[in-house]
Amino acid sequence: METYSKHTPITHSSANRIGTVAYYALISRLVIWAIAAVSHALIQDYDSALELVLPIETTSQQLFKSIFGVFLRWDAFYFVHIAEKGYVFEQAHAFFPLVPALTRLVANTVLAPLSSVLDYKQQLVLAGVIVANVFFVIAAVQLYRLTKEVFGREQFAFLAAMLYVLTPSGIFMSAIYTESTFSALSFTGMLFATRKQYLLAAIAWSISCTARSNGILYAGFIIYDLIVRMDLSKPLSHKLFTLVKAGLLCLITWIGFFAVQFYGYSLYCTDSSNIDARPWCNVNIPLIYTFVQDFYWNVGFLRYYEVKQIPNFLMAAPMIILSVSGILYYVLFDTHRAFTLGRFSTPATSDKVTPPFMSLAAFPHIVLWGVLLLSNITTIHIQIITRAFSCLPPVYWFAAHQFEGEQALGAGWTKTVTTFFVMYGLIGIILFANFFPPAIIKPASLPRIIPSSSLSPLRSSLIQQQKLTARFITSAAKMTSPVVIPRAERVAHFEQDVWSIFTPLALECQAVNLGQGFMNFPPPDFVVEAAREALTRNDCNQYSHPKGRPRLRNALAKSYSPLFNRTLDPETEVVVTAGANEGIFSIFAGYLDRGSEVILMEPFFDQYISNITMNGGVPVYCPIRPTGDSSKDMPASEWKIDIKELESKITPRSKIIVLNTPHNPIGKVFSREELEEIGTLAIKHNLLIISDEVYDRLYFDPMKHQRIATLDGLWERTITVGSGGKTFGTTGWRIGWLIGPKTLVEPALAAHTRIVFCVNSPLQEAVAVGFEQADERGFFGSQIKAYEHKREKLLNVFRELGLPCTIPEGSYFILVNTDKIQVPEDYKFPDLLWKRPKDFRTCYWLTKEIGVCAIPPTEFYSKPNQALAENFARFAFCKTDETLDAAAERLLKLKAYIK
């Protein structure tokens, strides 16, 4: 029977060979870095996600990124983030802690003196690169020593080490990945096991389990040596002792893996009130790694066998062929030995000289190779097989065997192996350096998160990090064929909205953004101070009642009672919502059945449509038309709704009519007579009125805002919608409200409770203070005067240009007639704009070439009526005077383009 070779001492020749191996390992790292850097410089990144981690705002940052950025790809993002922040989101537990821990250690110690020239993120990246490359050199040396120990052949050991230096996974060995660290620890443990130093081997492998999960398989070496190859002639007591010894050594080997799993369990599963939110906590063996691999990374039996993965199978094919060939070659050399687990050899081979690769000493390594091959081709992402097998000595032993003149598979294999190692490594460098497609994941899968208020601070930080997580997931997912799950019918028809086109365009062109209706000046000081004070009070940082905080409901009732000519009951007639939009959505959710019709007056707030359709309703449109001469300035009151046309839109399925006054984008304040006509129709056809009055505090002399709910017989069928964002310039606070009779408000409250449950507490408190103090401070009156000034400032610009405007009577938008603007006929627009009305192209040109962003108002029309608005553009004047002056200076450039 063959035996393992005895411990081989390090001779002078061996020491020289070790030095040579280390030298070439280091040189190979420099060569790989150079190739990667050149490739990265010549080829544009597939994805710019790297700039999230390594900004390039300064020259030094650009230099650092060009030197070290090539090593920060794919999984490396996670390792650096874990090194910096720890485990702050669940899916990061797919990445084990050893590399991040070593990275942080090196950054905080060895690189600490560089803190004056490198920021901490740069220190971590540099530390990660150092760790990876140092451990690669160690791994190369340890593979040489292991091979020499196993086979007693110095030349063979040197050849195997040199092939490791040329590993086809070379770039992963240099990047901030686990490959080199895991290899060094794996080879070290195998070296100890070969010397029968099993305790040291188990410790090394246990540490390796904190780098990669497959370190747990190394217990197989202990089982094979101590149990499978046990001397059966020994006494029973010796056999029992050996079994206990093997069991304890296996436990030591697994300690690292289970420590990592216990840490994950302690983060998410120890709070009994939250355990149901994470299903994996309740299984018999709650391993976070198993759950994360399944739920986030789509790892599972045969899941990867899809037609779209054929390219990845082709990428993995060379390593699969090499592995299958090596394993079969070993098995067929002595099948008797293979099927008796190495305990017996056939007589035909027991006496002849056995090539190193074919020796019994390689048997457990070949078994490990086979187990990992089976696992990778059935369960794991197939394209990682090449780098996963970079930590397996038999890969290099079989390759070295082909170079020793014993090519039982044919001389051509030598060239094939060499070509594979060199070319695959080179291609891998280029693909990796330019961030080409990685393994597929489940981009649509988000953590099953429980309410953050019931989480510990650490688990609350998990939720706060979801945006970063999503960015990593998206940047990886979009580089390969995405998982396609049919979307719900209620959202499948949505087109790209106007905001996703023009807001990024304005940023890209550094245009003055007069498109979106947000204020670029701060809210009033007394409201901001109230918010700041509320944040210091515990009762303001907990759940509020779904109806809203009592203080805000009382303040709203007190402020609005005189305006509604009735005493409002804050308990039953006022509901606070997450912005006016969520309030409107809640009304639709509370009243619409599938097929229910909602009458809208065009132009309309674009969110109305999705709010209606997502609740099963059908929007029906009736346009407000300009009745004056639109070739010159006209008041917004000259935009009229034809009441007969409006009534013609009503059918037995009609349930709701939506009114917006003051109107966006026209700026029209509906008169009492118009409201009475609309109210008459609502009574006649038994319609609910949603009166969207978010601009109710922004109307200009001589107009007065009239509320439809104050008219005879209409309080009983009207829900009025308000907005703290428009009232106090706090659009990001998302505080809105509904006012109406109890019987009408209750269905909306029921829906609201299921949609958001409640609205954020501290900002409700701040808006309450705003209403309590607004009158005594004269805030609403001074705000109207300020907006009148801004309106006139912008109107004067268009008057100087000779562009007719609709003079707004309320809100903060101006509709400008752009018919006189001559956009160059040969101007090149993006293809998507040719599918949209003319005003999209006009506003695009204004943003791109004039430097002022406006919004095309056809976005607020149904397609049949878009022609009514294609010669207009909407400009917002809720901006600082400085912003409006800058816009005015740019807009004057239009003189050259006005006919």
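Run down 632, 655, 684, 644 and say which single residue is over 19 Å from residue 727 (Cα atoms), under 42 Å from the mean Cα position of the chain (by Cα), among the charged types (D, E, K, R) and open to solvent by 60 Å² or more (accessible area, probe 1.4 Å).
The unique qualifying residue is 655.
Would you mind telling me which numbered condition in (1) part of a helix (DSSP H, G or I); (2) closer than 24 Å to residue 378 by Cα; (3) open to solvent by 70 Å² or more (accessible area, probe 1.4 Å); (4) touching a Ser or Thr at 6+ places or on another chain (Cβ under 7 Å) residue 316 fails?
Failing condition for residue 316: (3).
Picking from 313, 291, 295, which residue would you name as being at pLDDT below 80, closer than 24 Å to residue 213 by Cα and of a type outside the set (S, T, N, Q)?
Only one candidate qualifies: 295.
Of all residues in the range 379-395 being open to solvent by 10 Å² or more (accessible area, probe 1.4 Å) and of a type in the set (A, V, I, L, M), which is farthest from residue 173 (Cα to Cα)?
Looking at residues that are open to solvent by 10 Å² or more (accessible area, probe 1.4 Å) and of a type in the set (A, V, I, L, M), I get 380.
Do we have any residue at all in the range 627-649 that's in contact (Cβ under 8 Å) with a residue 60 or more places away in the chain, under 24 Å from residue 573 (Cβ atoms) and aliphatic (A, V, I, L, M)?
No: the range 627-649 contains no residue that is in contact (Cβ under 8 Å) with a residue 60 or more places away in the chain, under 24 Å from residue 573 (Cβ atoms) and aliphatic (A, V, I, L, M).
Conditions (1) of a type in the set (S, T, N, Q); (2) at pLDDT below 85; (3) in contact with a Gly (Cβ under 7 Å, 6 or more places away or on another chain); (4) closer than 24 Å to residue 229 by Cβ, marked per residue:
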site: 329; (1), (2), (3), (4): no, no, no, yes
site: 353; (1), (2), (3), (4): no, yes, no, yes
site: 359; (1), (2), (3), (4): yes, no, no, yes
site: 380; (1), (2), (3), (4): no, yes, no, no
site: 384; (1), (2), (3), (4): no, yes, no, no
site: 394; (1), (2), (3), (4): no, no, yes, yes
site: 405; (1), (2), (3), (4): no, yes, no, no
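Residue by residue, here is whether (1) touching an Asp or Glu at 6+ places or on another chain (Cβ under 8 Å); (2) in a helix (DSSP H, G or I) holds:
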residue: 87; (1), (2): no, no
residue: 104; (1), (2): yes, yes
residue: 150; (1), (2): no, yes
residue: 157; (1), (2): no, yes
residue: 183; (1), (2): no, yes
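Could you check residue 666 against (1) part of a helix (DSSP H, G or I); (2) over 24 Å from residue 596 (Cα atoms); (3) among the hydrophobic types (A, V, I, L, M, F, W, C) and say which number it fails?
All conditions are met except number (1).
Scan the range 669-681 residue by residue and report those that are of a type in the set (Gly, Ala, Ser) and either surrounded by 21 or more Cβ atoms within 10 Å (Cβ to Cβ) or not in a loop (DSSP other than H, G, I, E, B) (or both).
679
Give the residue that is surrounded by the fewest Cβ atoms within 10 Å (Cβ to Cβ), with candidates limited to residues of the range 518-554 that are part of a helix (DSSP H, G or I) and touching a Gly at 6+ places or on another chain (Cβ under 8 Å).
Taking the candidates together, the pick is 526.
Could you list all residues from the range 303-313 that are open to solvent by 80 Å² or more (accessible area, probe 1.4 Å) and not in a helix (DSSP H, G or I)?
303, 305 - these are the residues of the range 303-313 that are open to solvent by 80 Å² or more (accessible area, probe 1.4 Å) and not in a helix (DSSP H, G or I).
Select from the range 801-841 the residues that are surrounded by 13 or more Cβ atoms within 10 Å (Cβ to Cβ) and of a type in the set (Asp, Glu) and write down the one among them that is modelled with the highest pLDDT.
Ranking the qualifying residues of the range 801-841, first place goes to 809.
Would you point out which residue out of 491, 575 is modelled with pLDDT under 95 and either more than 24 Å from residue 722 (Cα to Cα) or outside any helix (DSSP H, G or I) (or both)?
None of the others qualify; the one that does is 491.
Residue-wise test of (1) part of a helix (DSSP H, G or I); (2) in contact (Cβ under 8 Å) with a residue 24 or more places away in the chain.
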{"position": "168", "(1), (2)": "no, yes"}
{"position": "193", "(1), (2)": "yes, yes"}
{"position": "221", "(1), (2)": "yes, yes"}
{"position": "224", "(1), (2)": "yes, yes"}
{"position": "233", "(1), (2)": "no, no"}
{"position": "239", "(1), (2)": "yes, no"}
{"position": "254", "(1), (2)": "yes, yes"}
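Would you mention how many residues in the range 312-330 are in contact with a Pro (Cβ under 9 Å, 6 or more places away or on another chain) and not polar (S, T, N, Q)?
Result for the range 312-330: 5.
Pull up the range 712-734, narrow it to residues that are in a loop (DSSP other than H, G, I, E, B), modelled with pLDDT under 95 and not acidic (Asp, Glu), then point me to the one that is most open to solvent (accessible area, probe 1.4 Å).
Checked the range 712-734; the qualifying residue most open to solvent (accessible area, probe 1.4 Å) is 734.
Looking at (1) closer than 16 Å to residue 630 by Cβ; (2) part of a loop (DSSP other than H, G, I, E, B); (3) open to solvent by less than 20 Å² (accessible area, probe 1.4 Å), which is the only condition residue 879 fails?
Failing condition for residue 879: (1).
Take the residues in the range 595-629 that are open to solvent by less than 40 Å² (accessible area, probe 1.4 Å) and among the charged types (D, E, K, R), then tell me which one is farthest from residue 666 (Cα to Cα).
597
Quick one: in the range 191-209, which of the residues that are under 22 Å from residue 260 (Cα atoms) and crowded, with 24+ Cβ neighbours inside 10 Å is farthest from the chain's Cα centre (by Cα)?
Only one residue fits best here, namely 201.
Please verify whether the range 777-792 includes one or more residues that are in a loop (DSSP other than H, G, I, E, B) and free of Cβ contacts under 8 Å to residues at least 40 places away in the same chain.
Yes, some residue in the range 777-792 is in a loop (DSSP other than H, G, I, E, B) and free of Cβ contacts under 8 Å to residues at least 40 places away in the same chain.
Kindly indicate which of 251, 236, 240 is hydrophobic (A, V, I, L, M, F, W, C), at pLDDT 95 or above and open to solvent by 80 Å² or more (accessible area, probe 1.4 Å).
251
Would you say residue 748 is open to solvent by less than 10 Å² (accessible area, probe 1.4 Å), in contact (Cβ under 8 Å) with a residue 60 or more places away in the chain and touching a Leu at 6+ places or on another chain (Cβ under 7 Å)?
Yes; evaluated as a whole, the condition is true for this residue.
Of the residues that sit in the range 34-67 and are open to solvent by 80 Å² or more (accessible area, probe 1.4 Å) and farther than 23 Å from residue 78 by Cβ, which one is modelled with the highest pLDDT?
Applying the filter and picking the extreme gives 38.
So which residues in the range 679-703 are out of contact with any strand residue (DSSP E or B) (no Cβ under 7 Å at 6 or more places or on another chain) and over 19 Å from residue 641 (Cβ atoms), if there are any at all?
Selection gives 686, 697, 701, 702.
Could you figure out which of (1) small (Gly, Ala, Ser); (2) farther than 22 Å from residue 889 by Cβ; (3) more than 43 Å from the chain's Cα centre (by Cα) isn't true of residue 811?
(3)
The values are calculated or read from the model by the stated rules, or taken from the named source; none is laboratory data. Please read all numbers here as calculations on a predicted model, not as lab measurements. Glycine gets a Cβ as well: all are built from the backbone with ideal geometry, and neighbour counts include every protein chain shown. Keep in mind that these areas ignore ligands, DNA and RNA; they rest on the heavy atoms of the full protein, side chains included. Shrake-Rupley method; radii C 1.70, N 1.55, O 1.52, S 1.80 Å.
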